[in-house]
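Asker: Right, I'll just put the structure down here and ask away after.
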Amino acid sequence: MRPPPRWIERLARVGIVAKAAVYLAIGVLATGVALEAGGVLTGGEGVLRLLVGQPMGRALLALLAFGFAAYTVWLFAQALVDPDGNGTSFVGLVNRLGQVLTGIAHIVLTWEAGRLALGLPGGSGVGVEGLVGRILEAPFGPWLLWVAGAVVVVIGLLQIGRGVAGNVRRDWRLQSLDPDRDRWPLRVGRFGLAARGVVLSGAGVLVIRAATSYDPREAGGVGDVLAQLWQQPASHWLLGAVALGLVAYGAFALIEARYRFIPSA
């Protein structure tokens with residue numbers, strides 16, 4: 001297939017920056033909780049609601065809405081056109097299906113950010129629980145959720161593997177980075193990818209649990225996974241490590257926005 005047009009590449013970079021901003025905010029807020037210095041455990045939608053009351057909050061929300069929409073377009077282009085060459089192997093299909101699922105999640109974020117930017121109340125039932133509840137009511141809904149949850153778990157495990165032992169520069173096509181000269185950005189990327197993999201795997205498990213119990217309240221997103229970590233033994237260290245990892249992932253996304261090779265026509 002032909003690579004996507006040039007304007008898709010530009011949208012991709014804008015979208016990656018928007019993703020970076022949200023992960024940085026999630027990670028910083030969660031780090032505050034781990035250090036007992038304030039903060040809150042939340043996901044993307046929670047960050048959007050926190051922005052409403054800040055100076056220039058609506059303007060920032062409008063920019064994020066545009067960024068999320070741009071990122072959504074790129075994700076679907078990746079899944080359909082496959083410019084990165086994931087192919088039809090098991091891992092390739094998992095990656096492409098993951099791009100579709102991530103795109104759907106960013107449609108929800110785009111809608112929520114747009115509503116809040118316009119001064120409208122946040123949509124009810126637009127989060128993970130609301131989306132899972134609607135899918136449960138659809139034909140074969142629990143089976144669809146099982147597949148979606150399993151895909152998210154596998155993607156999370158793949159990201160942990162890439163963070164621990166993979167080649168971040170190659171896997172993320174950071175072709176402008178020199179692995180000998182730019183070691184610190186790549187180490188930040190590995191740490192961030194591993195932390196995000198932990199969160200994704202946890203979110204996938206929650207979706208599977210909701211499908212099994214036929215209860216959308218069992219599902220959850222990033223904030224719910226962080227809350228689960230906060231309830232575990234050695235919670236300060238566990239949550240702190242993952243929270244700092246999400247900050248690292250946000251920083252890595254900024255590096256990706258600058259240096260990633262994105263095929264375009």
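Where a number appears in this text, it was derived from the coordinates with a stated rule and is not lab data. As the structure is a prediction and not an experimental result, all values here were calculated from the model. Quick reminder, even Gly has a Cβ in these numbers, built from the backbone with ideal geometry, and neighbours come from all protein chains shown.
Asker: Determine the relative contact order of segment 26-81: mean sequence separation of Cα pairs under 8 Å and six or more apart, normalised by residue count, in whole percent.
Answerer: 19
Asker: Measure out, as a whole number of angstrom, how far apart the alpha-carbon centroids of segment 45-100 and segment 188-234 sit.
Answerer: 19
Asker: Something else about it: Can you tell me the length gained on complete extension of the stretch residue 7 to residue 36, counting 0.36 nm per residue apart and subtracting the Cα distance?
Answerer: Additional length available on full extension: 6.0 nm.
Asker: Now, a different point. Which whole-number percent is the relative contact order of the chain (Cα, under 8 Å, 6+ apart)?
Answerer: 30
Asker: Highest mean first, what order results for 6-14, 108-116 on Cβ atoms within 10 Å?
Answerer: The packing order, highest mean first, is 108-116, 6-14.
Asker: Once the Cβ-Cβ distance between residue 93 and residue 146 is put in as r, and R0 is 22 Å, what FRET efficiency do you end up with, to the nearest 0.05?
Answerer: My answer for the efficiency is 0.85.
Asker: Something else now. Taking 0.36 nm per residue of sequence separation and subtracting the Cα-Cα distance, how much length would be gained by fully extending the chain between residue 227 and residue 104, in nm to one decimal?
Answerer: Between residue 227 and residue 104, full extension yields 41.9 nm more.
Asker: Give the share of C-alpha pairs in each 10 angstrom bin for the chain, from 0 to the last occupied bin, in whole percents, shortest bins first.
Answerer: 7, 28, 39, 22, 3, 0
Asker: Take 106, 236 and order them by how many other Cβ atoms sit within 10 Å, fewest up front.
Answerer: Lowest count first: 236, 106.
Asker: Taking the number of other C-beta atoms within 10 Å as the exposure measure, put 252, 66 in order starting with the fewest.
Answerer: Fewest-to-most Cβ neighbours within 10 Å comes out as 66, 252.
Asker: Provide the gained length on full extension for the span residue 184 to residue 81, in nm with one decimal, where the gain is 0.36 nm per separating residue minus the Cα-Cα distance.
Answerer: 33.8 nm
Asker: Determine, for 176, 89, 201, the number of other Cβ atoms within 10 Å of each Cβ, and report the residues in order from fewest to most.
Answerer: Final ranking by Cβ density, sparse to dense: 89, 176, 201.
Asker: With each pseudo-label sitting 7 Å past Cα toward Cβ, what's the residue 215-residue 56 distance in nm, one decimal?
Answerer: Simple spin-label model gives 4.5 nm for this pair.
Asker: Another one. Kyte-Doolittle mean at least -0.5 and Cα extent at least 30 Å along the axis: which DSSP H helices of the chain qualify?
Answerer: Span-like helices in the chain: 6-34, 57-81, 90-117, 141-165, 183-213, 235-259.
Asker: Choose one of 185, 219, 229: the residue whose Cα lies farthest towards the positive end of the charge dipole of segment 155-255 (beta-carbon charges +1 Lys, Arg; -1 Asp, Glu; about the Cα centre).
Answerer: Checking the options against the dipole of segment 155-255, the answer is 185.
Asker: Continuing with this model, one more query. What is the ratio of the Cα radius of gyration of segment 16-85 to 2.2 N^0.38 Å, with N the residue count, to two decimals?
Answerer: Compactness ratio reported: 1.33.
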